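Undergrad: Encoded as structure tokens, here's the structure I'll be asking about.
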Amino acid sequence: MPSAFSPARTVVFRLHWALGLTAGLVLALMGLTGALMSYEEAITAFANRDRIQISAAQDRPPLTPSALAARIEAQLPGQRVSALTLSRDPAQSAVARFARDRAGGRPSPVYADPTEGTVLGPVRLEAFFATVRNLHRWLLLPGEGKGWGRTITGACAIALLVFLGNGLYLRWPGRHRWRVWLRPNLTRPGRARWWSLHAVAGTWLLPVYAVSALSGLWWSYDWYRAGATWLLTGQALPARAAERAPGGKPPDGNIPEGTPAIDSAWAEFSATRTASVATLNLPGPEAAAIRIRWYAPDSNLRNEATYDARTGAPLTDKRAADAALGPRLADNMLEVHRGRFFGAPVALVFCLAALALPGFFATGLTLYLLRRWVGRRRVPGRASRPAEVSVQG
């Protein structure tokens, strides 16, 4: 290491490229898969556009959730509907998801006519995006969320935070002109050009990567999720609604006797809320509550309502618009991770930042190889200031 680097900067510099050659490759893969997942819904909708729209559906009333699930199950023997995603648009089909089979597998979700219950076909690209999600979360390694893959991706999220910290440290010499910090100098030759591009792009995207890494750790470590939940909400990590719901108020007297609880819950939900899309979880025999997650029109923030699984009576009603910032972040961490929490333009920036991660790995590898190549050609005993230092801002 040339003498231009102090001992502390030498350690930080070597840590930076050591992590770049290891964790950087995994982060590049996570960036590509994350960018795909950013627009999974839009891509899936385009691939299934012929199955999403229902012709003349406006002339027929929709089936109740219990009737719709029963008709779908009758066409697909041996499969039990576990969730229905229903749209406010009467011309849009419903999506049915199924419980796991005896072998532990989960059948592919299907589109269905919400007014007749006719199965229109499986959701195209579902298997593809399931593979992309598994690659993003645990690198397709055995054990899924309980195996080494989750540990590796979590460690790489921490490595990304280390990248941001030591990269900023390496960019902090005596000069602080904004042009050096925020505009790459592509006219310089060799390593100086690559370093300028690498460092300036990293400076611009530092806030995005910080949010992505901090939110990504939410799914990597249970202790982190518990701590972040306490920090954001002031409360311990809650149990699932189906496990904590002790029972509800007496059912509404206007609901006909004998109406299935799930239909009673859906009737109350539809009468009191305006949802663009809602996912209704059909409870199993051991569940205490029915959960409905829904989105208001023109909003990317998730709301949730729960109902008693025996009576359909309301239990809880959590709305993002009524929550403080901390609980809103905790309840919508996936949207924070994808950038949608901050609006569509920011979500696009998050997607582009994810696509840039392979570029950071490529430019970092190029800098490393050029440095090694120049080191072999250097005259013994002659110290030269590395190009990286001369262009740091």
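The values are calculated or read from the model by the stated rules, or taken from the named source; none is laboratory data. Since the structure is predicted, the reported quantities are computational estimates derived from the model, not experimental observations. Ideal geometry is used to build each Cβ from the backbone, glycine not excepted, and the neighbour counts take in all protein chains shown. Heavy atoms of the whole protein, side chains included, go into the accessibility calculation; ligands, DNA and RNA do not. Shrake-Rupley method; radii C 1.70, N 1.55, O 1.52, S 1.80 Å.
Undergrad: Residues in segment 193-200: is at least one more than 22 Å from Val26 (Cβ to Cβ), crowded, with 19+ Cβ neighbours inside 10 Å, out of contact with any strand residue (DSSP E or B) (no Cβ under 7 Å at 6 or more places or on another chain) and β-branched (Val, Ile, Thr)?
TA: yes
Undergrad: Let me ask something additional. Which condition breaks for Ser108 when tested against (1) touching a strand residue (DSSP E or B) at 6+ places or on another chain (Cβ under 9 Å); (2) touching a residue at least 24 places away in the same chain (Cβ under 8 Å)?
TA: For Ser108, the exception is condition (2).
Undergrad: Take the residues of segment 225-239 that are free of Cβ contacts under 8 Å to residues at least 24 places away in the same chain and part of a helix (DSSP H, G or I): which is nearest to Ala354 (Cα to Cα)?
TA: Result: Arg225.
Undergrad: Here is a list of conditions, (1) more than 30 Å from the chain's Cα centre (by Cα); (2) surrounded by 13 or more Cβ atoms within 10 Å (Cβ to Cβ), and Ile43 meets all of them except one; can you say which number that is?
TA: Ile43 satisfies every listed condition except (1).
Undergrad: Yes or no: Thr33 out of contact with any Phe, Trp or Tyr (no Cβ under 9 Å at 6 or more places or on another chain), of a type outside the set (Gly, Ala, Ser) and part of a strand (DSSP E or B)?
TA: Criteria not met by Thr33.
Undergrad: Answer yes or no as to whether Pro61 is modelled with pLDDT under 90, of a type outside the set (Ser, Thr, Tyr), over 27 Å from Arg133 (Cα atoms) and not in a helix (DSSP H, G or I).
TA: Working: modelled with pLDDT under 90: yes; of a type outside the set (Ser, Thr, Tyr): yes; over 27 Å from Arg133 (Cα atoms): yes; not in a helix (DSSP H, G or I): yes.
Yes, satisfied.
Undergrad: Ala288 fails exactly one of the following numbered conditions: (1) of a type in the set (A, V, I, L, M, F, W, C); (2) modelled with pLDDT of 90 or more; (3) touching a strand residue (DSSP E or B) at 6+ places or on another chain (Cβ under 9 Å). What is the number of that condition?
TA: Of the numbered conditions (1) of a type in the set (A, V, I, L, M, F, W, C); (2) modelled with pLDDT of 90 or more; (3) touching a strand residue (DSSP E or B) at 6+ places or on another chain (Cβ under 9 Å), the odd one out for Ala288 is (2).
Undergrad: From the residues in segment 183-240 that are more than 20 Å from the chain's Cα centre (by Cα) and among the aromatic types (Phe, Trp, Tyr), which one is modelled with the highest pLDDT?
TA: Applying the filter and picking the extreme gives Trp230.
Undergrad: Return a yes/no flag: does segment 75-97 have any residue that is open to solvent by 30 Å² or more (accessible area, probe 1.4 Å), assigned to a helix (DSSP H, G or I), at negative phi and of a type in the set (Asp, Glu).
TA: no
Undergrad: Could you give me the residue pairs with C-beta distances under 9 Å whose first residue belongs to segment 192-215 and is on the phi < 0 side of the Ramachandran plot, whose second residue is outside any helix (DSSP H, G or I) and among the β-branched types (Val, Ile, Thr) wherever it lies, and which are 6+ apart or on separate chains?
TA: Arg193/Thr187
Undergrad: Kindly provide the set of residues from segment 6-21 that are in a helix (DSSP H, G or I) and among the hydroxyl-bearing types (Ser, Thr, Tyr), ordered by number.
TA: Thr10
Undergrad: Quick one: would you say Ala127 is without any contact (Cβ under 8 Å) to a residue 60 or more places away in the chain, open to solvent by 30 Å² or more (accessible area, probe 1.4 Å), within 29 Å of Asp222 (Cβ to Cβ) and not aromatic (Phe, Trp, Tyr)?
TA: yes
Undergrad: Residues of segment 46-62 being open to solvent by 40 Å² or more (accessible area, probe 1.4 Å) and either touching a residue at least 40 places away in the same chain (Cβ under 8 Å) or touching an Asp or Glu at 6+ places or on another chain (Cβ under 6 Å) (or both), which ones?
TA: Within segment 46-62, Arg51, Gln53, Arg60, Pro61, Pro62 meet the criteria.
Undergrad: Report the residue count in segment 299-324 for those that are over 19 Å from the mean Cα position of the chain (by Cα) and either free of Cβ contacts under 8 Å to residues at least 12 places away in the same chain or closer than 27 Å to Ala354 by Cβ (or both).
TA: Number satisfying all stated conditions: 3.
Undergrad: Further question: State whether one or more residues within segment 369-380 are closer than 25 Å to Leu29 by Cβ and modelled with pLDDT of 85 or more.
TA: Yes, that holds for at least one residue.
Undergrad: Look through Val95, Val81, Val162, Val132 and report the one residue that is among the aliphatic types (A, V, I, L, M), out of contact with any Lys or Arg (no Cβ under 6 Å at 6 or more places or on another chain) and without any contact (Cβ under 8 Å) to a residue 60 or more places away in the chain.
TA: Criteria check complete, one pass: Val95.
Undergrad: Could we say that Ser3 is part of a loop (DSSP other than H, G, I, E, B), within 30 Å of the chain's Cα centre (by Cα) and modelled with pLDDT under 95 here?
TA: no
Undergrad: Could you tell me whether Glu116 is open to solvent by 50 Å² or more (accessible area, probe 1.4 Å), charged (D, E, K, R) and touching a residue at least 24 places away in the same chain (Cβ under 8 Å)?
TA: It is true that Glu116 is open to solvent by 50 Å² or more (accessible area, probe 1.4 Å), charged (D, E, K, R) and touching a residue at least 24 places away in the same chain (Cβ under 8 Å).
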